[in-house]
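One structure below.
Every read-out reported here was derived from the displayed coordinates using simple, explicitly stated rules and does not represent laboratory data. Just so it is clear, the model here is predicted, and its values are computed rather than measured. With ideal geometry, Cβ positions are generated from the backbone for all residues, glycine too; neighbour counts draw on all protein chains shown.
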Amino acid sequence: MTLPSPAQPSTHQVLYVEDDRINIILMEEVFRLLPDWTLVCAEDGAEALGVLNEISPGLVLIDMNLPDMSGMDLLARLRADARWQALPCVALSADNDDQQVRAARAAGFIDYWLKPIEVPRLKAALQRFMSAAR
């Protein structure tokens, strides 16, 4: 994992929590096309919690099936810490089960995106997020 240089909290910085190396590489390639955004990757929940002590992203994308905890568990840990209670988080999964989608939203995820993530949808969502953060 490579962290950007310390900076002010940025709505243009995204933490991507994903254990699949191919998905990480694909997301890094997508973010190379988005010069206004910085992507920081963590491969499991524990690493994500550590990264959050170093950076202040404006958005977190969380895989629902991490090796050390579920995406729901990671979100619960974030919500239990006052520093991260309001941090916008999006659930990512290949599972299109309506019950899981409803549970993720009820837990506090702002959205639920199916994998593979479509690049135009990601770009549009980031643009909406940036507009709402202003």
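Let's test the formula: R0 of 35 Å, r as the Cβ-Cβ distance of Arg77 and Leu33. What FRET efficiency results, to the nearest 0.05? Please report the intermediate quantities before stating the final value.
Details: r = 32 Å, r/R0 = 0.90.
It comes to 0.65.
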*Taking the Cα-to-Cβ direction at Met130 and at Leu26 and moving 7 Å from each Cα, how far apart do the two end points lie in nm?*
2.3
*asked:* With only alpha-carbon pairs counted, each pair once and no self-pairs, how large is the Kirkwood hydrodynamic radius of region 34-134 in angstroms?
replied: 14.2
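Mind checking the full-extension length gain between Ala86 and Ala103? Use 0.36 nm per residue of separation minus the Cα-Cα distance, one decimal, nm. Don't jump to the answer; show the numbers that get you there.
On the way: separation 17, 0.36 × 17 = 6.12 nm, distance 1.82 nm.
The Ala86-Ala103 span can extend by a further 4.3 nm.
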*Taking the alpha-carbon centroid of each part, what is the distance from region 103-134 to region 42-68 in angstrom?*
16
*Go ahead and run the numbers for FRET between Glu118 and Glu47, Cβ-Cβ distance against an R0 of 22 Å, rounding to 0.05.*
0.25
_Pairs of Cα atoms farther than 19 Å apart, region 73-130, %_ = 35
*Pull up all non-local amide H partners of Asp68: gap of 5 or more, or a different chain, and H-to-H distance under 5 Å with H placed in the peptide plane.*
Gly45
_Residue among Leu39, Leu61, Ala132 farthest towards the positive dipole end of the chain, charges placed on Cβ_ = Ala132
